[in-house]
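Just so it is clear, none of the values below were taken in a lab; they were calculated from the coordinates. This one's a predicted model, so the numbers in the text were calculated from it and none came from an experiment. Quick reminder, even Gly has a Cβ in these numbers, built from the backbone with ideal geometry, and neighbours come from all protein chains shown.
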Amino acid sequence: MSNFYKKRKLLRLRDILGCQKRGIQPIVPCSKTKWYGQIRKGKAPKCVRVDGSSYWYDNEVDAYVESLRK
């Protein structure tokens with residue numbers, strides 16, 4: 001089975017940047033402004049809109065984090 005058909009998890013912005021109120025640790029510790037700036041520059045993955053809400057695929061966020069480590 002190709003990677004395209006594997007089930008991918010959708011992440012909300014609070015899952016990526018963390019949420020102190022909900023006790024969620026950040027995957028990418030930065031501000032919203034910096035995150036959206038990285039998206040505009042084409043460095044961070046673009047969001048997927050579902051019913052007016054923004055989501056990101058977990059594998060794309062993981063790839064972005066790996067690119068930061070290099």
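Taking all pairs of different Cα atoms in the chain, averaging 1/r and flipping that mean, what Kirkwood radius in angstroms comes out? Walk me through the numbers on the way to the answer.
Working: mean 1/r = 0.0775 Å⁻¹.
Kirkwood hydrodynamic radius for the chain: 12.9 Å.
Compare the Cα positions of TYR36, VAL48, LEU10 along the charge dipole of the chain (+1 at Cβ of Lys, Arg; -1 at Cβ of Asp, Glu; about the Cα centre) and return the one farthest towards the positive end. Checked the options; the winner is TYR36. With 0.36 nm allotted per residue and the present C-alpha distance subtracted, the TYR57-LYS32 stretch has 7.3 nm of extension available. Charging the Cβ of each Asp and Glu at -1 and of each Lys and Arg at +1, and nothing else, the dipole of the chain about its Cα centre rounds to 180 debye. Calculated mean residue ellipticity, 222 nm, the chain: -10500 deg cm²/dmol, from DSSP H runs (n ≥ 4) at -39500 (n - 2.57) each, averaged per residue and rounded to 500. Stretching GLN25 away from VAL48 to a fully extended chain increases their span by 6.1 nm, per 0.36 nm per residue minus the current alpha-carbon distance.
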